[in-house]
1. Report yes if ALA119 is at pLDDT below 95 and under 21 Å from ALA12 (Cα atoms), otherwise no.
2. If a residue counts only when it is surrounded by fewer than 19 Cβ atoms within 10 Å (Cβ to Cβ) and touching a residue at least 60 places away in the same chain (Cβ under 8 Å), which helices (runs of 4 or more DSSP H) contained entirely in region 1-62 have at least 2 such residues?
3. Test LEU107 against the stated conditions and say whether it is over 11 Å from the mean Cα position of the chain (by Cα), open to solvent by 70 Å² or more (accessible area, probe 1.4 Å), closer than 13 Å to GLY75 by Cα and without any contact (Cβ under 8 Å) to a residue 60 or more places away in the chain.
4. Does LEU159 satisfy the condition of being modelled with pLDDT of 80 or more and more than 26 Å from SER56 (Cα to Cα)?
5. For region 129-178, what are the residues that are buried (at least 18 other Cβ atoms within 10 Å of the Cβ) and farther than 17 Å from CYS95 by Cβ?
6. Answer with yes or no whether LEU97 is more than 25 Å from VAL52 (Cβ to Cβ), part of a loop (DSSP other than H, G, I, E, B) and over 14 Å from the mean Cα position of the chain (by Cα).
7. If we scan region 84-92, do we find a residue that is part of a helix (DSSP H, G or I), more than 25 Å from ARG9 (Cβ to Cβ) and open to solvent by less than 40 Å² (accessible area, probe 1.4 Å)?
Amino acid sequence: LVPCAAVGRLVARVIREPSLLVPALIVAALADIYTVWAGPTHLALSKAPEAVKKLSMVVPQAGAAAAGKPVAAAGTIGLGDFIFTALLLAAAVRCRLPAGKVMAGALAGACLAIGAVLAFPALLSLPLLPAIAAGALIALWRHVKLSPQEKRAVALGVLFALVLLAGLHGLLLALLRR
């Protein structure tokens, strides 16, 4: 976890203003949704699940140990989730935002997502980063004010990210067909 924290803290240096954190949260959430459901993480989970397990933290299945069964994985938390959480907290501190509230929101979002996976095993491939980002955005709601121009820029950035992810997906599919 220490290397993840170091990478997150290093990357957080590009976020110099609180208003930059909002688009960073949104774009990271969209990227995670793509990678987990259709991109590289999805491919790795289907083709090399053991490699993914080695680069992830396992969330144990509820009740397995108490029943005397081997502990099975209910899901995994990837390195990117830890890196992004470190980035989020470092950026909050750097921008003088309430880091405790940001952490509480991110943790609440993560706990809700993990709880959903434990309650509904069909959600096994639920991306965690969108829940972390949503919790942090809720915590930051009153502390980060976007001007109308910044709101337009965020909307255009999200649109650009969606188009970019769609293009990457098309490219990935084309490469896999070869």
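The values are calculated or read from the model by the stated rules, or taken from the named source; none is laboratory data. Note that the coordinates shown come from a computational prediction; the quantities given were computed from them, not determined experimentally. All Cβ positions, glycine included, derive from the backbone under ideal geometry; neighbour counts span all protein chains shown. Note: areas computed on protein heavy atoms with side chains; ligands, DNA, RNA excluded. Shrake-Rupley method; radii C 1.70, N 1.55, O 1.52, S 1.80 Å.
1. Judged against the criteria, ALA119 is not a match.
2. 2-11, 18-37, 40-47
3. So LEU107 fails the test.
4. It is true that LEU159 is modelled with pLDDT of 80 or more and more than 26 Å from SER56 (Cα to Cα).
5. LEU129, PRO130, ALA131, ILE132, ALA134, GLY135, ALA161, LEU165
6. Values: more than 25 Å from VAL52 (Cβ to Cβ): yes; part of a loop (DSSP other than H, G, I, E, B): yes; over 14 Å from the mean Cα position of the chain (by Cα): yes.
It is true that LEU97 is more than 25 Å from VAL52 (Cβ to Cβ), part of a loop (DSSP other than H, G, I, E, B) and over 14 Å from the mean Cα position of the chain (by Cα).
7. We begin by selecting, within region 84-92, every residue part of a helix (DSSP H, G or I); these are 84-92.
Keeping just the survivors that are more than 25 Å from ARG9 (Cβ to Cβ) gives none.
No: region 84-92 contains no residue that is part of a helix (DSSP H, G or I), more than 25 Å from ARG9 (Cβ to Cβ) and open to solvent by less than 40 Å² (accessible area, probe 1.4 Å).
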